[in-house]
1. List pairs: first residue in the range 225-248 and on the phi < 0 side of the Ramachandran plot, second residue at pLDDT 95 or above and not in a helix (DSSP H, G or I) anywhere in the structure, Cβ distance under 6 angstrom, at least six positions apart or on different chains.
2. Looking at this structure, is residue 114 farther than 26 Å from residue 195 by Cβ, touching a helix residue (DSSP H, G or I) at 6+ places or on another chain (Cβ under 7 Å) and at pLDDT 95 or above?
3. Could you tell me whether any residue of the range 176-186 is under 18 Å from residue 232 (Cα atoms) and in contact with a strand residue (DSSP E or B) (Cβ under 6 Å, 6 or more places away or on another chain)?
4. So, of the residues in the range 99-112 that are without any contact (Cβ under 8 Å) to a residue 40 or more places away in the chain and crowded, with 17+ Cβ neighbours inside 10 Å, which turns out to be farthest from the chain's Cα centre (by Cα)?
5. Mind listing whichever residues of the range 161-173 are farther than 18 Å from residue 45 by Cβ and either free of Cβ contacts under 8 Å to residues at least 24 places away in the same chain or within 14 Å of the chain's Cα centre (by Cα) (or both)?
6. Consider the range 127-141. How many of its residues are surrounded by fewer than 21 Cβ atoms within 10 Å (Cβ to Cβ), touching a residue at least 40 places away in the same chain (Cβ under 8 Å) and either in a strand (DSSP E or B) or touching a helix residue (DSSP H, G or I) at 6+ places or on another chain (Cβ under 7 Å) (or both)?
7. Identify, from the list 161, 144, the residue that is surrounded by fewer than 21 Cβ atoms within 10 Å (Cβ to Cβ) and either at pLDDT below 95 or within 18 Å of residue 124 (Cβ to Cβ) (or both).
8. Among the residues of the range 206-213, is any over 15 Å from the mean Cα position of the chain (by Cα), over 27 Å from residue 59 (Cβ atoms) and surrounded by fewer than 23 Cβ atoms within 10 Å (Cβ to Cβ)?
């Protein structure tokens, strides 16, 4: 079965476009839980307050901002009332103009868009720096392992001395990485593998910071086959393989059988919230 380009990064960009909106919406029917869980995992407002340089604004770099689900969930959870009256000036970074537009459209107070960078993290110009906070939430999977060092080093360099960084990424034990690996082996063996939380932490260490890891675990479930199909296709940025073909494949089908419930599917996520501080 032809799954199109084997370049995972290129496939992801095809899906982060207006033509991929239906698939994106199907994906978020389940994946919205990712953002609820990561927001609940730590006191992000305290992180912003603690690393703000002044009483007026804290500067944030949102790496691979996607659809803006993470800051939107922070707003939904009452962030505006918990940053001591500061605004959160955010620069949106993403190689997809569609994603930047989507993220901008959902941001509300205390977020104020201060900059836009339609570029890959590893290609961000060195002059873009001085941020109090930088985060990347379920955002770095399409960066090839050989480019992770450059990407994470650039993210660290974008922070001011004393700044705070965070990456939320699935581990090799998560549904995201287990399913993606099996799908790749069966349907697109030449595709670039997804990056993992473990690789991100290692790259951060080589970038000169000491990452701290907080694991979270949760499940998402649905008994609607169309929703499950859209979710799984978006997990691998490939909508040419229907759910029935996945179920019929020996390896992918065996994995999906293990995820079956009486009425549908249940997927377990193992995720690391990886944080660090730059030396003052």
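1. That search, which allows pairs on different chains as well, returns 228/222; 228/265.
2. On the way: farther than 26 Å from residue 195 by Cβ: yes; touching a helix residue (DSSP H, G or I) at 6+ places or on another chain (Cβ under 7 Å): no; at pLDDT 95 or above: yes.
No.
3. Keep residues of the range 176-186 that are under 18 Å from residue 232 (Cα atoms), which gives 176-186.
Cutting the leftovers down to in contact with a strand residue (DSSP E or B) (Cβ under 6 Å, 6 or more places away or on another chain) gives us 176-177.
Yes; the residues of the range 176-186 include at least one that is under 18 Å from residue 232 (Cα atoms) and in contact with a strand residue (DSSP E or B) (Cβ under 6 Å, 6 or more places away or on another chain).
4. 110
5. 167, 169, 170, 171 - these are the residues of the range 161-173 that are farther than 18 Å from residue 45 by Cβ and either free of Cβ contacts under 8 Å to residues at least 24 places away in the same chain or within 14 Å of the chain's Cα centre (by Cα) (or both).
6. Residues meeting the conditions: 1.
7. Details: 161 fails: either at pLDDT below 95 or within 18 Å of residue 124 (Cβ to Cβ) (or both).
Testing whether each residue is surrounded by fewer than 21 Cβ atoms within 10 Å (Cβ to Cβ) and either at pLDDT below 95 or within 18 Å of residue 124 (Cβ to Cβ) (or both) leaves just 144.
8. No, the range 206-213 contains no residue that is over 15 Å from the mean Cα position of the chain (by Cα), over 27 Å from residue 59 (Cβ atoms) and surrounded by fewer than 23 Cβ atoms within 10 Å (Cβ to Cβ).
The values are calculated or read from the model by the stated rules, or taken from the named source; none is laboratory data. Note that this is a predicted model, so its numbers are computed, not measured. Here Cβ is always computed from backbone atoms with ideal geometry, including for glycine, and neighbour counts include all displayed protein chains.
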